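Worksheet for the structure shown next.
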Amino acid sequence: KGDRVVLMSKRVPSLYFSLLGIAMAGGVIVPIFSTFGEEAIRYRVENSNARVALVHESLVDRFKNINVKVVKISDEGIEGESSKSDVNYERRPIDDPFLILYTSGTTGKPKGIWHSQDILTFYYVSGKYHFDMHSQDTFWHTGDPAWVAGFAGVWTAWVNNIPLVSYEGKFNAERWYSIIQEFKVSVISTAPTAIRLLKKEGLDLAKKYDLSSVRFIHAGGEYVSPDVVKFGLDIFGVPVHDGYGQTETATYVIANFISLPIKIGSMGKPLPGVKALIVDENGIPLPPNSQGILALDPNFPAMAEGIWGDEERWKRNFKNGYYLTGDVAYMDEDGYFWYVGRADDVVKVSGYRVSPVEIEGILSTHPAVAESAVIAVEDEVRGYKIKAFVVLKKDIKPSEELKKEIMDYVKRKLASHMVPREIEFVSELPHTLSGKIMRRVLKAIETNSQIGDVSTLENPEVVKKKDK
């Protein structure tokens, strides 16, 4: 009881049995991505002071220089596993540690956000009100359980008594469609990037499969642009529902409910039990339609208990009794919340406050654009200028004419001060393992500054290419 247990595995059944086994034995789950290298693993083992690591047999070599007891997991089972079914469940207080999830900061080492058992209470609420789970449903969260939303997806399904689908493998549109068809998946949670990749493949491929079982689809982890919502309708016949959460909130705590009208581009409304508001830098609440920092009243079950081993760092997130998320947003007169960007991403260009997320949303609606990322770089005249990194759809060739066309498109749709002064066509963008675009990596490369922690970067070759 209380032992921290690292869990690192491919998405095989043993991974899920291990999640449940650790919890039942009274241990603290420390899930980490199967792509991590030795240094990333060592930091998490040492910082959490883990005693045991459950590791897939194909990954155990990475632990040979790390001081922790390793128990092998295979595709078939767990090393030394007992066949007895009379396992004793370790009863413990609801505020006992249940999970430590490491999340990368822009600077310094990753922080271990820890949650109590009480998150299971909120996962039940989330399954009912956010994902609209019913007894006949089959749920597929496409993320890895080492990511907060993927971890939440597993337990949200379980506490709501819903079958869970898991897929071990890289993204492949045909495979994804065949899984939905074969298992009659009805509720899906994924990242906006995945929807954009489906969009990149085109509608003709989707029409080859029976996707009629899908009745609710959610995308989260980053901004859901209007084209993603629309493409959900085109593929599945249902809109993509946006939502907002952090590692610190254990799951999505603001969402577009199935019972309410979707305001395209909005994150939605707080889930039952969650009080969200917009505040200034001192934690003072602001009126509707005021841009400020998104804050939460911390008194709800999914709120983190702290940063493992660093209470002082955790306390710095609070002002005036509220938890400040570090995200800039506003709330409209109907109580819907709208994401603007990370506080350190919103910049002034020629005196105007500019949100990179808003520009990306418009870029993504251009018929030639599959995906984009926008950053601000220093400019002698304007203070800052906007630069866009653009991934084109299949068979679209980059050209100077296309750059000008895209710039004109943004000017028509938004404003002249929001037009990217520079566009760079790239084959891919740096993504985290959970599908988020790592804009700070692009910014660091562009300014030749420290990149920081990239242990959760899915495609590190992007950084290497730029280095050359």
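The values are calculated or read from the model by the stated rules, or taken from the named source; none is laboratory data. Quick caveat: nothing in here was measured; it's all calculated off a predicted structure. A quick note on method: Cβ atoms are made from the backbone with ideal geometry, for glycine too, and the neighbour counts reach across all protein chains shown.
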For the condition in contact (Cβ under 8 Å) with a residue 24 or more places away in the chain and surrounded by 21 or more Cβ atoms within 10 Å (Cβ to Cβ), what is the one hit in Ala206, Ala250?
Ala250
By residue number, the members of segment 246-269 that are over 14 Å from the mean Cα position of the chain (by Cα), among the β-branched types (Val, Ile, Thr) and farther than 14 Å from Ser126 by Cα are Ile262, Ile264
In this structure, does Phe425 turn out to be within 29 Å of Pro110 (Cα to Cα) and modelled with pLDDT of 90 or more?
no
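Matching residues to (1) outside any loop (DSSP other than H, G, I, E, B); (2) among the β-branched types (Val, Ile, Thr); (3) under 14 Å from Gly335 (Cα atoms):
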residue	(1), (2), (3)
Leu260	no, no, yes
Lys269	yes, no, yes
Val274	no, yes, yes
Gly283	no, no, no
Ile293	yes, yes, no
Run down Asn299, Asn289 and say which single residue is modelled with pLDDT of 95 or more, surrounded by fewer than 16 Cβ atoms within 10 Å (Cβ to Cβ) and either of a type in the set (Gly, Ala, Ser) or out of contact with any Asp or Glu (no Cβ under 7 Å at 6 or more places or on another chain) (or both).
Asn299
List every residue pair whose Cβ atoms lie under 7 Å apart, where the two residues are 6 or more positions apart in sequence or sit on different chains, the first residue falls within segment 139-151 and is assigned by TED's automatic domain parsing to the domain that holds Ser178, and the second residue, located anywhere, is among the acidic types (Asp, Glu) and in a loop (DSSP other than H, G, I, E, B).
Gly150/Asp144
Among (1) crowded, with 16+ Cβ neighbours inside 10 Å; (2) modelled with pLDDT under 95; (3) under 20 Å from Lys1 (Cβ atoms), Phe98 falls short only on (2)
Filter result (within 22 Å of the chain's Cα centre (by Cα) and acidic (Asp, Glu)) within segment 399-451:
Glu428
Count - residues of segment 129-164 that are hydroxyl-bearing (Ser, Thr, Tyr) and over 25 Å from Ile32 (Cα atoms)
3
Looking at Val229, Val224, which one is modelled with pLDDT under 95 and in a helix (DSSP H, G or I)?
Val229
Check off (1) out of contact with any strand residue (DSSP E or B) (no Cβ under 8 Å at 6 or more places or on another chain); (2) acidic (Asp, Glu); (3) at pLDDT 90 or above for Asp242 and give me the number that stays unchecked.
(1)
